[in-house]
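Let me begin by presenting the structure, written as structure tokens, before commenting on it.
The values are calculated or read from the model by the stated rules, or taken from the named source; none is laboratory data. Everything numeric in this text was worked out from a predicted model, so none of it was measured. Ideal geometry is used to build each Cβ from the backbone, glycine not excepted, and the neighbour counts take in all protein chains shown.
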There are 2 protein chains.
Amino acid sequence: MAVVRHVTLPAGFVASGVKCGIKQSGREDLAVIACEKDAAAAAVTTRNQVIGAPVTWCRKILPKGFGRIRAFVINSGCSNVCTGKAGLRDAEEMAKRTAQRLGTKPRSVLVASTGIIGHLLPMDKIRKGIDAATASLGRDNDTAALHAIMTTDTRDKYAVVQTRLGGKKVTLSGIVKGSGMIAPSMATMIGVITTDAAIAPTALGKALREAVATTFNAITVDSDTSTSDTVAVLAGGAAGNAVIGLNSAEYKKFAAALRELCGALARAVVIDGEGATKLIEISVRGAKNVRDAEIAAKSVANSPLFKCAVHGGDPNWGRIAAALGKSSAVVVPEKLVIGIGGVTIFRGGLGAKFNLKKVEEHLKGREIRVECDLHVGKGEFTAWTCDLSREYITINADYHT
Amino acid sequence: MAVVRHVTLPAGFVASGVKCGIKQSGREDLAVIACEKDAAAAAVTTRNQVIGAPVTWCRKILPKGFGRIRAFVINSGCSNVCTGKAGLRDAEEMAKRTAQRLGTKPRSVLVASTGIIGHLLPMDKIRKGIDAATASLGRDNDTAALHAIMTTDTRDKYAVVQTRLGGKKVTLSGIVKGSGMIAPSMATMIGVITTDAAIAPTALGKALREAVATTFNAITVDSDTSTSDTVAVLAGGAAGNAVIGLNSAEYKKFAAALRELCGALARAVVIDGEGATKLIEISVRGAKNVRDAEIAAKSVANSPLFKCAVHGGDPNWGRIAAALGKSSAVVVPEKLVIGIGGVTIFRGGLGAKFNLKKVEEHLKGREIRVECDLHVGKGEFTAWTCDLSREYITINADYHT
């Protein structure tokens, strides 16, 4: 029988997703992803100052952002955010119960919750869900696990990258959920990455932090940063390569593979952005420095006027120039060059003469490329966003607490 | 005959608005507002780095932001932004021709243009418009002048404040346009304020800068800062009060009146925000300092998720808490108190028990109040925004360059 596989593709991992009754839709709402033994692990969590109880738990057990982890338990339908001490107790109980069932310590279990803010978890349902999920862990339940972490998502979002390290084939695989409340300063709503690579926790932590900076932290759907964002990577070591340490040639190879995987997952979140019909890539080069390039790219990516223009298929360089100019990045209008889909539309402080038909054709596609060269330095950054449609308003004005 | 009057309410001012054929709609598109003699004047312009040629001209003739000015010429339908040297020449010619007709120096005439970016002004039409407008200056043309500065605006936006200074009745009156591309760091799209008060230019400059900080710079429709924002005040002195200098008791009174006027005009812009159905006031208190209070208030005011929730009438405190938390202002969830319409809905890190019916009733109104107390200091700031509706997308996705 053909089975869709992602988190269990790397050797040494099992997963499960069950329906425990949190979601009104009756769909899968609790997932456990586990390694057969303690895995090297790293996690990045939201920079929002209002954080969910599960984020507090993750920071408690991985205070440096890396360490060793056996499993990750995740529920959807209720985010356990702004739930006080009772919420913290509930997050810890999720770890404890999962750990008991797997025969490990509570501190070896990461927890994440996603969904509505401000409600306590229905712990009776959660307990039953954890029991059912840990009892059905296996290599054929990836799809159920993925569905169990989704909320307003409309697509399955996963990616796989393979590479060779120290003569061994190594697989990195990830699943991700997120559609609204997606903005820079975060590690997307929830992402789980598994790999059979053998790597030291310190090296894994560094690789994840660096990968997130240019992938999950380079996307925005609506400039709103979630309170629950968590992305974690578990490295089980079953590939049998020599353990990767910092600053080795193998480290660079692994980090590049992880960055590729995170990039694919991050773009998948934007493509599934609330109301999105198009993926927009904004590349800024020639900025004063990398920080300026990021600020400029995100200023365009978060401009509602620009996003509406793309939705309407309009090559409106005025809105791109205005969005760059309002940012704190150094912008000199006379030096600025703006292109869409490889066609220069603005140069020397003026609109350029260009093939309107060609640009409009590009804007009709599903993937839009905007290229900005500030010509004041060497900083580069690429951000991803989606267009802004009436559907975004419908989803978010009709969603009630 | 009853005549609507605003900019000519203060003694000593005349105005005119004419149809010179720039707007496809055929409506008024060129205005001149003039003082009978040189007025003390102050102007604040956009902080966007991409600026229109008229902004460049205003900064050239008022390098310190204040001085003496006779008249203000404004056209709509074309913003003269990103138009290079030809655009600068055109802006200067607008000032020169207006000055000639009024018998004054070009450097005594402010210029503003609003409308589409990236097109040269149709100078033949502009010249004829200036000739017609300067020939028809009077005290009965205020409505035509106001209509001549509007673009996507759907309402006339003006306000009048009266006070007594040095025993004399003094009138301050203002008109404003702006509906989209409205965001902090600006002085709204275009605002013209006239007053018969006698005041030194330095004092007028200070009063305008301070008033703008908490009024025009406290509003946002869509977080997009315009390239053309200009607000100017002309003080003719016809009221006959002793000239107001800095640091006098009369200065404080005048500054308060100007702040009141700017506040009314700024709120009028938000009420007429593209697609807006509600005015939302976000008051932040108890912030670490005023800067933090402003950052926190604007983070809520610019949150698309929050603005959609208000549009849907949903008391979604989770989105308010998340928007505060994602900002760089110091936020301690346990200390945070959030209220809507005077009803506390979040406290101590948790949703409060509250009268849902009362809050939902408030959210059905046209003016929504959100109160946030961070309880970490004494900083206060109030920001204004509008809800985010499908109509915003319609207006901005269907607008073509």
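See the values below:
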quantity	calculated
Lone qualifier among B:Asp314, B:Asp387 - being in contact with a Cys (Cβ under 9 Å, 6 or more places away or on another chain) and buried (at least 23 other Cβ atoms within 10 Å of the Cβ)	B:Asp387
Region A:184-196, subset surrounded by 24 or more Cβ atoms within 10 Å (Cβ to Cβ) and either in contact with a Ser or Thr (Cβ under 6 Å, 6 or more places away or on another chain) or at pLDDT below 65 (or both), residue nearest to the other protein chains (Cβ to nearest Cβ)	A:Met186
Which listed residue, of B:Thr154, B:Thr171, is surrounded by fewer than 24 Cβ atoms within 10 Å (Cβ to Cβ), within 18 Å of the chain's Cα centre (by Cα) and among the polar types (S, T, N, Q)	B:Thr154
In region A:81-128, residue nearest to A:Ile33 (Cα to Cα) [restricted to those that are among the charged types (D, E, K, R), within 14 Å of chain B (Cβ to nearest Cβ) and surrounded by fewer than 18 Cβ atoms within 10 Å (Cβ to Cβ)]	A:Arg89
Members of region A:102-151 found to be over 21 Å from the mean Cα position of the chain (by Cα) and assigned to a strand (DSSP E or B), listed by number	A:Gly138
Residue list for region A:237-256, filter: surrounded by 22 or more Cβ atoms within 10 Å (Cβ to Cβ) and within 21 Å of the chain's Cα centre (by Cα)	A:Phe254
Within region B:65-99, tally of residues that are in a strand (DSSP E or B) and more than 17 Å from B:Leu234 (Cα to Cα)	6
Qualifying positions in region B:16-46 - part of a loop (DSSP other than H, G, I, E, B) and either under 27 Å from B:Gly237 (Cβ atoms) or β-branched (Val, Ile, Thr) (or both)	B:Ile22, B:Thr46
Residue list for region A:214-265, filter: of a type in the set (D, E, K, R) and in a loop (DSSP other than H, G, I, E, B)	A:Asp222, A:Asp224, A:Asp229
Every residue from region A:271-289 that is among the aliphatic types (A, V, I, L, M) and within 30 Å of A:Lys177 (Cβ to Cβ)	A:Ile271, A:Ala276, A:Leu279, A:Ile280, A:Ile282, A:Val284
Tally, over region B:270-285, of residues that are over 17 Å from B:Asn396 (Cβ atoms) and either in a strand (DSSP E or B) or acidic (Asp, Glu) (or both)	7
Residue match in region A:270-293 (condition: surrounded by 23 or more Cβ atoms within 10 Å (Cβ to Cβ) and under 30 Å from A:Ala197 (Cα atoms))	yes
B:Ala322, sole failed condition from (1) over 28 Å from the mean Cα position of the chain (by Cα); (2) farther than 19 Å from B:Leu388 by Cβ	(2)
Where B:Ala266 falls short, out of the listed (1) small (Gly, Ala, Ser); (2) free of Cβ contacts under 8 Å to residues at least 12 places away in the same chain; (3) crowded, with 24+ Cβ neighbours inside 10 Å	(2)
Any chance B:Val44 is away from chain A (no Cβ under 14 Å) and surrounded by 24 or more Cβ atoms within 10 Å (Cβ to Cβ)	yes
Hits in region B:1-15 (condition: within 22 Å of B:Leu110 (Cβ to Cβ), part of a loop (DSSP other than H, G, I, E, B) and of a type outside the set (D, E, K, R))	B:His6, B:Val7, B:Thr8, B:Leu9, B:Pro10, B:Ala11, B:Gly12
Candidate set from region B:47-64 (those that are without any contact (Cβ under 8 Å) to a residue 60 or more places away in the chain and in a loop (DSSP other than H, G, I, E, B)); member that is surrounded by the fewest Cβ atoms within 10 Å (Cβ to Cβ)	B:Pro63
